[in-house]
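Below is one structure, written out as structure tokens; the observations come after it.
The values are calculated or read from the model by the stated rules, or taken from the named source; none is laboratory data. Note that the structure is predicted; figures quoted are calculated from it, not measured. Glycine also receives a Cβ, built like all others from the backbone with ideal geometry; neighbour counts cover every protein chain displayed.
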Amino acid sequence: MFNRDALEYLSEQGQPEVIEVNGQQYSTHQLYKVLEPTPAALVVRNLSGLVDYLKSEFDKEAPLLVHVVSPTQVTVVSYYNNDYARREIIKAEALLPEFRFGSYYDAESFNIKLQSVFVENEDRTKLLKVVGNIKEEAVRQVGDDGVSQSVVAKTGVATVEDVKVPNPVLLAPYRTFIDVNQPESAFVFRMQNGPSAALFEADGGAWRNIAIDAVSTYLAEELSELIEANKVVVIA
């Protein structure tokens with residue numbers, strides 16, 4: 001059992017002291033700040049759900065900051081509290097189909113992905129014609145630039161011939177919220193024996209800025225009344 005002296009010693013050890021060394025203040029114990037509790041953020045999967053929540057003024061918080069974090073995430077936060085921490089009120093996270101850029105798919109899988117993961121446009125139609133009509137496994141290099149390729153593909157009811165593979169191509173995969181137009185960007189299209197096909201991003205990530213601008217513009221238009229009333233600020 002502890003005696004009286006031991007208990008007094010432990011009690012003294014439990015009391016932190018502040019000492020000064022070279023003009024700086026130090027504590028003899030590690031101190032932990034008790035933070036104000038904050039609620040968990042609501043999560044929605046599209047921009048319209050986030051807009052509906054803000055227009056409802058359900059939690060009656062104002063002003064609120066709408067931050068377009070990325071092409072797939074928007075967060076709404078409050079003014080900072082006594083801990084200089086902001087409450088995350090609600091956030092939108094886009095649900096997107098999967099496509100592995102830089103990875104090769106067999107012709108059938110690639111065909112399906114083109115139709116289900118990409119917005120219809122002229123270059124998507126060209127790729128579907130090439131991939132959907134390949135007649136043999138051999139994929140050949142043509143020209144001396146290291147870029148062009150050709151495959152043997154069906155070009156008529158009963159004819160096959162060499163078809164040059166389009167490259168680069170402009171495509172619009174689903175990469176941001178469906179509430180806005182999907183940005184088009186350049187891709188390098190390559191094929192290998194098998195046959196298999198792959199797409200490699202070739203715009204340096206510029207599409208992200210385009211998508212963020214589109215999301216920001218959409219929110220600014222939909223929340224114009226709240227913005228004019230100084231209840232909401234949109235940043236990107």
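For this structure, a couple of remarks:
- A197, sole failed condition from (1) more than 26 Å from V77 (Cα to Cα); (2) surrounded by fewer than 20 Cβ atoms within 10 Å (Cβ to Cβ); (3) out of contact with any Pro (no Cβ under 7 Å at 6 or more places or on another chain): (2)
- Number of residues in segment 167-216 that are in a helix (DSSP H, G or I) and either under 13 Å from the mean Cα position of the chain (by Cα) or touching a residue at least 24 places away in the same chain (Cβ under 8 Å) (or both): the value is 9.
- In this structure, A172 qualifies as at pLDDT 75 or above and surrounded by 15 or more Cβ atoms within 10 Å (Cβ to Cβ).
- Among the residues of this structure, S109 counts as one that is free of Cβ contacts under 8 Å to residues at least 60 places away in the same chain, outside the structural domain of E221 (by TED's automatic domain parsing), more than 18 Å from V169 (Cα to Cα) and not charged (D, E, K, R).
- For segment 74-126, residues that are among the aliphatic types (A, V, I, L, M), surrounded by 14 or more Cβ atoms within 10 Å (Cβ to Cβ) and part of a loop (DSSP other than H, G, I, E, B) total 2.
- Which listed residue, of S78, S48, S56, is without any contact (Cβ under 8 Å) to a residue 12 or more places away in the chain, assigned by TED's automatic domain parsing to the domain that holds N230 and of a type in the set (S, T, Y): S56
- Residue satisfying all of: in segment 59-73; at pLDDT 90 or above and either charged (D, E, K, R) or in a loop (DSSP other than H, G, I, E, B) (or both); nearest to A214 (Cα to Cα) among these: P71
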